1. Taking R0 as 22 Å, what's the FRET efficiency between ALA178 and ASP85 from their Cβ-Cβ distance, rounded to 0.05?
2. Determine the dipole magnitude for the range 237-320: charges of +1 sit on the beta-carbon of Lys and Arg, -1 on that of Asp and Glu, nothing else is charged, the reference point is the Cα centre, and the result goes in debye to the nearest 20.
3. Calculate, in nm to one decimal, what THR216 and GLU399 gain on full extension: separation in residues at 0.36 nm each, minus their alpha carbon distance.
4. Could you list the square roots of 5 times each eigenvalue of the Cα gyration tensor of the chain, that is, the equivalent ellipsoid semi-axes, sorted largest first and rounded to whole Å?
5. Pick from VAL346, VAL183, VAL357: which residue has the top mean-square fluctuation in a GNM of the chain where Cα pairs under 10 Å get a spring?
6. Which of the trypsin sites (Lys or Arg not before Pro) across the range 257-364 are loop residues per DSSP, with 14 or fewer other Cβ within 10 Å?
7. Considering only DSSP beta bridges where both residues belong to the range 224-400, give the percentage that are antiparallel (nearest 5).
8. Select from TYR37, TYR198, TYR321 the residue whose mean-square fluctuation is largest in a Gaussian network model of the chain (Cα-Cα springs shorter than 10 Å).
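What follows draws every value from the coordinates through simple rules; no lab data is involved. The structure displayed is predicted, hence computed values, not measured ones. Glycine gets a Cβ as well: all are built from the backbone with ideal geometry, and neighbour counts include every protein chain shown.
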Amino acid sequence: MNILWLNAGLLLPLDKGGKLRTWHVMRHLASRHDITYLSFSDPAQTVEEREGMRAVCARLQTIPRTDPAKGTAGFYLDAARYVIDRVPYAVAKYRSAAFKNTLRQLLDERRFDAIVCDFLPPVVNLPERLPCPSILFTHNVEAEIWRRHAENARGPIARTLLAQQWRRMLRFEREALARFDLVLAVSEADGQTFQRLYPGALKTPAHVVQTGVDTTYFAPPSSPAEAGHHRGTTSGQDEAGHRRNHLVFTGSMDWLPNEDGMLYFVREILPRIREAEPDATLSIIGRAPTPAVKRLADEAGIEVTGRVDDVRPHIAAGAVYIVPLRIGGGTRLKIFEAMAMGKAVVSTTVGAEGLPVTSGQDVVIADEPAHFARAVVHMIRDDEARRRIETEARRLVMERYDWSAVAQDFEHALTRVGATDGQQPLPGRAALQATVQPCR
């Protein structure tokens, strides 16, 4: 198949959950299909990041674009331009004549068998009519994220503005879903939410593409010394190499749900943990921390790293991996990564939403601040309970959530869309495994 893949940015560096999910799916597809990738690209991105995209696509076309850093004056000035826009800011800011023109040229010059729109932003640049089957690859229910933002906002002005964005996203998402021949969701929960929020909008029920994890890359450290790489110290570590009362969170820190989760955790939960464990420490690992997140490092025992080359030593150094999210949608790849590394995860219900996990068996789910704090302290103090959770977590992802199976399911979803358009279907799973060709 000739596939045109549209996205808001390059996939490299692989520092966000959505990027990772798309990368693993495209890596599989690129071995059998011809992919043209069109996206925006920040001029500051390296040649290596651009060239690295060749591993997942035959052709790469980019439109230069730079976003102001979140939380800065430039960010708020940019957002103010869209206050009266009918389209929500998170999408409207990607409206681009250059992107539309490049897309039109590609559609005129080449025959594509399918168009994949990755996330909602590229939808704003689509022509009214498309010449081939179209697929929307959703990684979240965006309207639900904005609804939760509005519900958790502090202050009447923030609540009013966020509620406005939620209503705009609700309308835009409904209209977008109705345009596509197939909608892909990343969890059963998201698929059900689409049906509940937008009854009759989808042409067919959303097809669920499960979340996966690279269980070879994300694996328990082979030695305590390897786990002790964090901060170059082994002080206070147990025999497994992690620091007894050290907590870890990873994620893109310019994503609003992550920012909100960390501010909430430090404000409402960490003080309760320190009542029982005064020496508890926290590392917040991830790219582009906002000014509000950076200020958390002013408090003793809290580290904000920004982007790191490898999150694994940081995850390994923690006794407990926390996911205190109140806002979000889709699924959290970060949880599967921590589970694959044999970490005890304490998460809110929202943080683990859409993942097939069982509280008390392979993760611990706790929502209220006092409950979340007690769960973390229990995992710190009860070695046997923590090790039981760690073992079951690793076993679950090893047995059921390898990326190769996830990517094949995605490919078969494309097959069905092509078949309904009068094209020849692709071979079945067994034939696929026997006929994989080298990347172009």
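1. Details: r = 20 Å, r/R0 = 0.92.
In this case the efficiency is close to 0.60.
2. Details: 10 positive and 14 negative charges, 25 e Å.
Dipole size: approximately 120 debye.
3. Numbers: separation 183, 0.36 × 183 = 65.88 nm, distance 1.25 nm.
Result for the pair: 64.6 nm of gain on full extension.
4. Details: eigenvalues 263, 134, 82 Å².
Taking √(5λ) for each Cα gyration eigenvalue gives 36, 26, 20 Å.
5. Taking springs between Cα atoms under 10 Å, the residue moving most is VAL357.
6. Numbers: sites: ARG267, ARG272, ARG274, ARG287, LYS294, ARG295, ARG307, ARG326, ARG332, LYS334, LYS343; in loops: ARG287, ARG307, ARG326, ARG332, LYS343.
Of the trypsin sites (Lys or Arg not before Pro), the ones in loops of the range 257-364 whose Cβ has at most 14 other Cβ atoms within 10 Å are ARG307.
7. Details: 1 of 19 bridges.
Roughly 5 percent of the DSSP beta bridges within the range 224-400 come out antiparallel.
8. Greatest mean-square fluctuation among the candidates belongs to TYR198.
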